[in-house]
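Working notes, beginning with the structure itself.
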Amino acid sequence: MEMAGRRNTSNEKTSVSENGQHVVHKVPLCMQSYSWDCGLACASMVLQYFGKDAHKVYTTDLEELKCGESIWTIDLACLMQKYCIKHTLCTITLGVDKGYSKQAFYSGKFSVDEERVSKLFEESGSNGIDVQQRSVTRDEILDHIMKGNLCIALVDWNELECIWCDRLKCQTSCFSCLSSKCCGSYQGHYVVVCGFDKKKKRIFYKNPSYDEELCCSRMDKFDVARKSYGTDEDLLFIYKDGVP
């Protein structure tokens, strides 16, 4: 059974098969505490993986971001820059898609977020934030992970699967359902991509909503989740070689 591959008691940070077809980086799990902080939890995982002290992420770092309870991928890029971690933010939208104003997930604070986030994108270059307007291929992600790096991906919770623990989905959601029809509309969620199995076509990731060591999705299903309307196909590449 595939489930047997979930646990790894080795102290090594990375598990790699001899032929390079199966790679898993052992990222420490940080559980989110609220319905809105999955991005902060993912940033904390990345920082801890690279040996950084992440205890200020939820306090002074969050205050400096001035984002309240609305975390965007550009905010996570700002955190990586603050901690001197090399990164690249790939997105198909520079700024904010005005169409999101009609999305229940975004509508509550859309006008405030639009101004704040647009300004962050405008100032990204001068602030040392590497932003590229483009879609990312699956092969790019696999190659990036193979080289010992990580990704933070924005996905649609409704499309996200874990073939090991999907029974938990409606019990441990990262958001408060916006209507009596659970999981009906787009719900943004961040996960840390940390491995793959090319032969079985699986992506491994850390989900801050699940108290599980590792989650697993079919590659094609993960592509659907990360490319759903509402995500802007946001992917934050994190590079181990950029950590001082």
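The values are calculated or read from the model by the stated rules, or taken from the named source; none is laboratory data. Because the structure is predicted, anything quoted here is derived from the model rather than measured. Here the Cβ is made from the backbone with ideal geometry for all residues, glycine too, and neighbour counts use every protein chain on show. For the accessible areas, the whole protein counts, side chains as well, though only heavy atoms, and no ligand, DNA or RNA atoms are used. Shrake-Rupley method; radii C 1.70, N 1.55, O 1.52, S 1.80 Å.
Some notes on this structure:
- Seen from residue 50, the other residues with C-beta closer than 12 Å to its C-beta sum to a net charge of +2, counting Lys and Arg as +1 and Asp and Glu as -1.
- In straight-distance terms, cross-link reach from residue 119 covers every one of the lysines whose alpha-carbon lies under 27 Å from its own, apart from those fewer than eight places away in the same chain; here that gives 56, 66, 82, 86, 98, 102, 109, 227.
- Protein-only accessible surface order, largest first, of 22, 55, 144 at 1.4 Å: 55, 22, 144
- Candidate lysines - alpha carbon under 16 Å from residue 26, same-chain residues fewer than 8 apart omitted: 13, 52, 147, 206, 240
- In summary, the aspartates and glutamates within cross-link reach of residue 199, defined as a Cα separation below 14 angstrom excluding same-chain residues under 8 places away, comprise 2, 18, 139, 220.
- Applying 1/(1 + (r/R0)^6) with r as the Cβ-Cβ distance of residue 138 and residue 163 and R0 = 25 angstrom yields a FRET efficiency of 0.90.
- Directionally averaged shadow of the range 115-160, computed from the convex hull of its alpha-carbon atoms, nm²: 4.9
- The gain in end-to-end length when the residue 109 to residue 81 segment is fully stretched comes to 7.5 nm, 0.36 nm per residue minus the alpha carbon separation.
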